Amino acid sequence: QVQVKESGGGLVQPGGSLRLSCAVSDTIFSIDDMRWYRQPPGKQRDLVAAISKGGRTNYEDSVKGRFIISRDNDKNTVYLQMNSLKSEDTAVYYCNVDLNRGLGSRPVVGYWGQGTQVTVSS
């Protein structure tokens, strides 16, 4: 019932820009924190950026000043604007969202998207 789907990945030259989107559908629950992770080839999956429901943001040091995370609560969508891309940014980018069911002692449940490939190469 809950669907998390990323889009916007692709091939871009160094110095270029891409805008990733992640939409959450088929749920009646509200969304708390939303995050972007990435997993470069042969490496672990790490947090890139996070945004709270109120709009507070956090970034990995390597993307500060280049990436911007934002969200549209009415559309249940989180975005990642990626500027000044480097070859080191090449990775599969994953969307992770916390859905708040508002019930019980553990109302928050995390969901993952399927990932979208970002390749930065000349």
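Taking the criterion of being within 19 Å of Tyr94 (Cα to Cα) and open to solvent by 30 Å² or more (accessible area, probe 1.4 Å), the residues of the stretch 2-16 that qualify are Val2, Gln3, Lys5, Ser7, Gly8, Gly9, Leu11. Looking only at residues of the stretch 17-71 that are β-branched (Val, Ile, Thr) and in a strand (DSSP E or B), we find that the one that is nearest to Val92 (Cα to Cα) is Val48. For Gln117, the conditions (1) in contact (Cβ under 8 Å) with a residue 40 or more places away in the chain; (2) open to solvent by 50 Å² or more (accessible area, probe 1.4 Å); (3) under 20 Å from Gln1 (Cα atoms) all hold with the exception of (3).
The rows are residues; the columns are (1) of a type outside the set (Ser, Thr, Tyr); (2) within 19 Å of Gly110 (Cβ to Cβ).
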{"residue": "Val12", "(1), (2)": "yes, no"}
{"residue": "Leu18", "(1), (2)": "yes, no"}
{"residue": "Ala23", "(1), (2)": "yes, yes"}
{"residue": "Gln44", "(1), (2)": "yes, yes"}
{"residue": "Gly54", "(1), (2)": "yes, yes"}
{"residue": "Tyr59", "(1), (2)": "no, no"}
{"residue": "Gly65", "(1), (2)": "yes, no"}
{"residue": "Arg71", "(1), (2)": "yes, yes"}
{"residue": "Thr77", "(1), (2)": "no, yes"}
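Pairs are defined by a Cβ separation below 8 Å, a sequence spacing of at least 6 or placement on different chains, a first member in the stretch 34-51 that is farther than 17 Å from Gln114 by Cβ and at pLDDT below 95, and a second member that is open to solvent by less than 90 Å² (accessible area, probe 1.4 Å) and not aromatic (Phe, Trp, Tyr); the pairs so defined are Pro41/Thr90; Pro41/Ala91.
Scanning the stretch 17-36 for residues that are open to solvent by 50 Å² or more (accessible area, probe 1.4 Å) and touching a strand residue (DSSP E or B) at 6+ places or on another chain (Cβ under 7 Å) gives Ser17, Arg19, Asp26, Phe29, Asp33. Screening Thr57 against (1) farther than 19 Å from Trp112 by Cβ; (2) touching a residue at least 12 places away in the same chain (Cβ under 8 Å); (3) out of contact with any strand residue (DSSP E or B) (no Cβ under 6 Å at 6 or more places or on another chain); (4) loosely packed, with under 14 Cβ neighbours inside 10 Å leaves a single unmet condition, (3). Residues considered: Ser105, Ser84. Of these, the only one that is without any contact (Cβ under 8 Å) to a residue 24 or more places away in the chain, outside any strand (DSSP E or B) and open to solvent by 60 Å² or more (accessible area, probe 1.4 Å) is Ser105.
The values are calculated or read from the model by the stated rules, or taken from the named source; none is laboratory data. In this text the structure is predicted, and so the values were computed from the model without any measurement. Ideal geometry is used to build each Cβ from the backbone, glycine not excepted, and the neighbour counts take in all protein chains shown. Accessible surface areas use protein heavy atoms only, side chains included; no ligands, DNA or RNA. Shrake-Rupley method; radii C 1.70, N 1.55, O 1.52, S 1.80 Å.
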